[in-house]
Amino acid sequence: MRKQEHQQLQFIGRTREEYYSGKADLDIIKKVKESVNIPVIGNGDIKSKADALRIFEYTGVDGIMIGRAVLGNPWIIRKYY
Ligand SMILES: Cc1cc2nc3c(=O)[nH]c(=O)nc-3n(C[C@H](O)[C@H](O)[C@H](O)COP(=O)(O)O)c2cc1C
């Protein structure tokens, strides 16, 4: 098997089966962040500045990725700064 080198991970706290149901699991994102030595980008259910701050503070991720909240409204990102 070829060894892969990853430079970054994007991680959503949901299984494939869960799809968009329930809430993204911040604990698993936190565990991933604590387990690797590369930047981790957290994702899932970030719809407000408070959500963004919560995921940064709780999990320690290096960055966030926002999906559905920007659909049709990309300017919402301005509110996160
Ligand atoms: C319209 C749409 C298209 C998406 N396409 C992909 C994709 O091609 N590959 C992927 O890994 N995730 C895809 N996703 C998942 C998002 O990247 C993201 O993980 C998911 O929407 C959860 O983040 P959110 O709660 O901020 O929306 C897509 C999501 C949406 C809404």
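The values are calculated or read from the model by the stated rules, or taken from the named source; none is laboratory data. For clarity, every value in this text was computed on a predicted model and none was experimentally measured. Glycine also receives a Cβ, built like all others from the backbone with ideal geometry; neighbour counts cover every protein chain displayed.
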**Asked** Restricting attention to region 1-35, and to residues there that are under 15 Å from the mean Cα position of the chain (by Cα) and of a type in the set (Asp, Glu), which single residue is nearest to residue 45 (Cα to Cα)?
**Response** 25
**Asked** Within region 28-51, can one find any residue that is away from the ligand (no atom under 16 Å from the Cβ) and aliphatic (A, V, I, L, M)?
**Response** yes
**Request:** Could you run through region 32-48 and say how many residues are surrounded by 14 or more Cβ atoms within 10 Å (Cβ to Cβ) and either part of a helix (DSSP H, G or I) or among the basic types (Lys, Arg) (or both)?
**Result:** 2
**Message:** So, in region 59-72, exactly how many residues are in a loop (DSSP other than H, G, I, E, B) and either of a type in the set (Val, Ile, Thr) or exposed (fewer than 10 other Cβ atoms within 10 Å of the Cβ) (or both)?
**Reply:** 4
**Request:** With the condition kept exactly as written, say whether any residue in region 60-67 is at pLDDT below 90, more than 10 Å from the ligand (Cβ to nearest atom), hydrophobic (A, V, I, L, M, F, W, C) and touching a Lys or Arg at 6+ places or on another chain (Cβ under 9 Å).
**Result:** no
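Yes/no per residue for (1) at pLDDT below 95; (2) among the β-branched types (Val, Ile, Thr); (3) touching a Lys or Arg at 6+ places or on another chain (Cβ under 6 Å):
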| position | (1), (2), (3) |
| --- | --- |
| 26 | no, no, no |
| 29 | no, yes, no |
| 37 | yes, no, no |
| 40 | no, yes, yes |
| 51 | yes, no, no |
| 55 | no, yes, no |
| 58 | no, no, no |
